[in-house]
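Enquirer: Below you will find the structure I want to go over with you.
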Amino acid sequence: MSQAISMKEPYVQKPADTFCGATMVWMLGMILALMRCGLGCSAHADAAGNGFRFADVDEKSLGLWEEQKPVLVYNHGVISKEGVPADRARSSYVHPLYGLDGEVLTDDFPLDHYHHRGLFWAWPHVKIGEAEYSLWDLRGIRHQFERWSQKDVTDRAATLAVQNGWYVGTEKVVHETVRFTVHPARGDSRAIDIEFAWTPVKSTLTLMGAEGKSYGGLTLRFAPGTNTIITIPSGVTKDDLPMTNLPWADLTRLWAAEKRTSGAAIFVHPSHPDYPPQWLTRHYGVLCLGWPGVRPATFQPGNTIHCRYRVWIHRGLASVDRLSRAYADYRRVE
């Protein structure tokens, strides 16, 4: 069963040093929050004052909040959904990803593409040695959570680092490290930096995007909405763009569930291999990085691939000038 994730009123446990009056008031507030929560949240959380905090949504998903506002959920367990074929079950992705006012930006198990899953990273062509699989539509290979390597919150950022593996049966074929650095909301935007490292274990790893389209890599599937605007460095584009080299792209829309306009861009760091990489954009609601694109790239065992991105979330519409300035800020990140 797919869990219904709501993060409006998280239960968060804080250290109780003494049972003074203030502590008793806090405890009463937390009890009331838990009664309203309905999440099945874990009593464990990591918090930094009134800023960021992590808390378990359930045994499969970890949530992050800033103050009382939800930011994202990382699904480390295997997620399935009633009515969807069992072979579409997946793990190791972000959903929901939230806008600055609590609106859900992402979709999971959409009817048109059951394998789309929020903010995720996958390729339609994955060769391990000479055997071919697909992380994209979950054929023969899968992500598997191994452990948290970092889970920290400060007044400057929340950091979540995850050790995963790509598995074929019981064999780990690729070691994966994912690091999220979530910055506080600033005015009408928030930046989430993502760093990936992939290392083939014993056999060569060959990655390739979809023929004629290029998708394969970091992908953001958006929640349903209307009035969709896709913006790239040259301006608003009314056409879907296959195999297009871009440093960034943004999708903004009026959300069907929230009746609010907001959006998110993916920025590619200048250190990225083959910068700027190929993309596929679709107005139905998806931004797909396409690296290495339609030409396969092969990596030797023990050699690590590094890719860096920023997801930039914003209220309202985003002009080319606004997006360009935000991207310029990211380019300065070493």
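The values are calculated or read from the model by the stated rules, or taken from the named source; none is laboratory data. Everything quoted here is computed from the prediction, not taken from an experiment. Here the Cβ is made from the backbone with ideal geometry for all residues, glycine too, and neighbour counts use every protein chain on show.
Enquirer: If residue 271 passes every condition in (1) out of contact with any Cys (no Cβ under 9 Å at 6 or more places or on another chain); (2) farther than 19 Å from residue 135 by Cα; (3) modelled with pLDDT of 95 or more but one, which one does it miss?
Expert: All conditions pass for residue 271, except number (1).
Condition check ((1) assigned to a loop (DSSP other than H, G, I, E, B); (2) not small (Gly, Ala, Ser)) across all residues:
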position: 239; (1), (2): yes, yes
position: 271; (1), (2): yes, no
position: 292; (1), (2): yes, yes
position: 308; (1), (2): no, yes
position: 311; (1), (2): no, yes
position: 334; (1), (2): yes, yes
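Enquirer: So, one more: Name the residue that is modelled with the lowest pLDDT, counting only residues in the range 245-260 that are of a type outside the set (Lys, Arg) and surrounded by fewer than 19 Cβ atoms within 10 Å (Cβ to Cβ).
Expert: 258
Enquirer: If residue 221 meets every condition in (1) in a strand (DSSP E or B); (2) surrounded by fewer than 19 Cβ atoms within 10 Å (Cβ to Cβ) apart from one, which number is that one?
Expert: (2)
Enquirer: Then there's this: Of all strands (runs of 3 or more DSSP E) completely enclosed by the range 107-182, which ones contain at least 3 residues that are closer than 19 Å to residue 218 by Cα?
Expert: 119-122, 125-128, 142-153, 158-168, 171-182
Enquirer: A further question on this structure: Can you confirm whether residue 139 is farther than 18 Å from residue 305 by Cβ and in contact with a helix residue (DSSP H, G or I) (Cβ under 9 Å, 6 or more places away or on another chain)?
Expert: So residue 139 passes the test.
Enquirer: Right, next: Consider residue 170 carefully, then state whether it is more than 23 Å from residue 250 (Cβ to Cβ) and in contact with a Ser or Thr (Cβ under 6 Å, 6 or more places away or on another chain).
Expert: So residue 170 fails the test.
Enquirer: Further, regarding this structure: Within the range 266-290, can you find the residues that are small (Gly, Ala, Ser), surrounded by fewer than 24 Cβ atoms within 10 Å (Cβ to Cβ) and within 17 Å of the chain's Cα centre (by Cα)?
Expert: Correct list: 285 only.
Enquirer: Which one is farthest from residue 305 (Cα to Cα) among residues in the range 183-205 that are in a loop (DSSP other than H, G, I, E, B) and among the polar types (S, T, N, Q)?
Expert: Step by step, filter the range 183-205, then rank; the result is 203.
Enquirer: Give the residue, chosen from 315, 308, that is at pLDDT 95 or above and in contact with a His (Cβ under 8 Å, 6 or more places away or on another chain).
Expert: 308 is the lone residue from the list that is at pLDDT 95 or above and in contact with a His (Cβ under 8 Å, 6 or more places away or on another chain).
Enquirer: Something else about it: Can you find a residue that is touching a residue at least 40 places away in the same chain (Cβ under 8 Å), surrounded by 18 or more Cβ atoms within 10 Å (Cβ to Cβ), hydrophobic (A, V, I, L, M, F, W, C) and out of contact with any Ser or Thr (no Cβ under 9 Å at 6 or more places or on another chain) anywhere in the range 149-166?
Expert: yes
Enquirer: Do we have any residue at all in the range 273-284 that's aliphatic (A, V, I, L, M), more than 14 Å from residue 310 (Cα to Cα) and part of a strand (DSSP E or B)?
Expert: yes
Enquirer: Answer yes or no: is there a residue in the range 300-319 that is hydrophobic (A, V, I, L, M, F, W, C), touching a residue at least 40 places away in the same chain (Cβ under 8 Å), over 26 Å from residue 115 (Cα atoms) and touching a strand residue (DSSP E or B) at 6+ places or on another chain (Cβ under 9 Å).
Expert: Yes, that holds for at least one residue.
Enquirer: In contact with a strand residue (DSSP E or B) (Cβ under 6 Å, 6 or more places away or on another chain), aromatic (Phe, Trp, Tyr) and more than 23 Å from residue 238 (Cβ to Cβ), is that true of residue 275?
Expert: It is false that residue 275 is in contact with a strand residue (DSSP E or B) (Cβ under 6 Å, 6 or more places away or on another chain), aromatic (Phe, Trp, Tyr) and more than 23 Å from residue 238 (Cβ to Cβ).
Enquirer: Would you say residue 140 is touching a Ser or Thr at 6+ places or on another chain (Cβ under 8 Å), surrounded by fewer than 16 Cβ atoms within 10 Å (Cβ to Cβ) and closer than 24 Å to residue 296 by Cβ?
Expert: yes
Enquirer: For residue 80, indicate whether it is polar (S, T, N, Q) and at pLDDT below 95.
Expert: no
Enquirer: For residue 101, which of the numbered conditions (1) under 21 Å from residue 252 (Cα atoms); (2) not in a loop (DSSP other than H, G, I, E, B) fails to hold?
Expert: (2)
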